[in-house]
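Notes to accompany the following structure.
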Amino acid sequence: MSTTNTSGVAVESTRRRLSPQQAEKITKMADAAVEILADGGFDALTVRDVAKRAGVAPATAYTYFSSKSHLVAEVFWRRLAAGVPEPDLSLPAAERVAQVLRGVSMVVAGEGQLGGAVTVALLGSDPDSEHLRWRIGGFIHDRLSVAVGTDHPDHERVVDALQMLYAGGLVTAGMGHLTYEATSERLVAAAALLMG
């Protein structure tokens, strides 16, 4: 699955604004990282191996990614931003919330060991990964906020609770305790309880 998209995410990275050629290199490295993760998991992943598979010089790869955690977090961020659209405002709030939760929880479904690698990468202390962790959290918060609707009487508390549900679900699935599909449905069921 290619990580190419037409949004602003394709021309930005954690560290800089990208030219079209640089954006193409990032996309190739992201795709190579997913392939390596599928073969050997997070422990087998190195920025150097990703660069080699993507046809990029290792020194160039390190100008974009400070670590393998940063690279994996970037892959997740790009998939999340490309794969989770704005909530459909024609739907009732509970259905909008379900739409968002399904979208964010299914971003790495069927991608082998990518989900576990994302969990490790986002829980790490690498500064660039931390930056992406905040960006990802903000993105999910914004999508859930729109889905809940500002007219909800307890808007912020519900959005915060939904974010906690999602974070717990991501860790649970990333550790391999549940599939992403099962996690998605449990998140939707818990959200339905929360939304009343």
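The values are calculated or read from the model by the stated rules, or taken from the named source; none is laboratory data. Since the model is a prediction, treat every value here as computed from it, not as a measurement. A quick note on method: Cβ atoms are made from the backbone with ideal geometry, for glycine too, and the neighbour counts reach across all protein chains shown.
Taking interchain pairs and intrachain pairs at least six residues apart, which have beta carbon atoms under 7 angstrom, with the first residue in segment 75-91 and surrounded by 12 or more Cβ atoms within 10 Å (Cβ to Cβ) and the second in a helix (DSSP H, G or I) and aromatic (Phe, Trp, Tyr)?
Leu80/Phe139; Ala81/Phe139
Which count do you get for residues in segment 62-74 that are part of a helix (DSSP H, G or I) and either surrounded by fewer than 24 Cβ atoms within 10 Å (Cβ to Cβ) or not aliphatic (A, V, I, L, M) (or both)?
Residues of segment 62-74 part of a helix (DSSP H, G or I): 62-64, 68-74.
In the following step, the residues that additionally are either surrounded by fewer than 24 Cβ atoms within 10 Å (Cβ to Cβ) or not aliphatic (A, V, I, L, M) (or both) were identified as 62-64, 68-70, 74.
Total satisfying the criteria: 7.
Glu181 fails exactly one of the following numbered conditions: (1) buried (at least 18 other Cβ atoms within 10 Å of the Cβ); (2) touching a residue at least 60 places away in the same chain (Cβ under 8 Å); (3) not basic (Lys, Arg). What is the number of that condition?
(1)
I'm trying to understand the selection: among the residues of segment 162-171, which are buried (at least 17 other Cβ atoms within 10 Å of the Cβ) and either modelled with pLDDT under 95 or among the charged types (D, E, K, R) (or both)?
Kept after step one, since they are buried (at least 17 other Cβ atoms within 10 Å of the Cβ), are these residues of segment 162-171: 162, 165-166, 169-170.
Correct list: Leu165, Tyr166, Gly169, Leu170.
Taking into account only those residues within segment 115-155 that are in contact with a helix residue (DSSP H, G or I) (Cβ under 6 Å, 6 or more places away or on another chain), among the small types (Gly, Ala, Ser) and assigned to a loop (DSSP other than H, G, I, E, B), which is surrounded by the fewest Cβ atoms within 10 Å (Cβ to Cβ)?
Going through the qualifying residues, I end up with Gly149.
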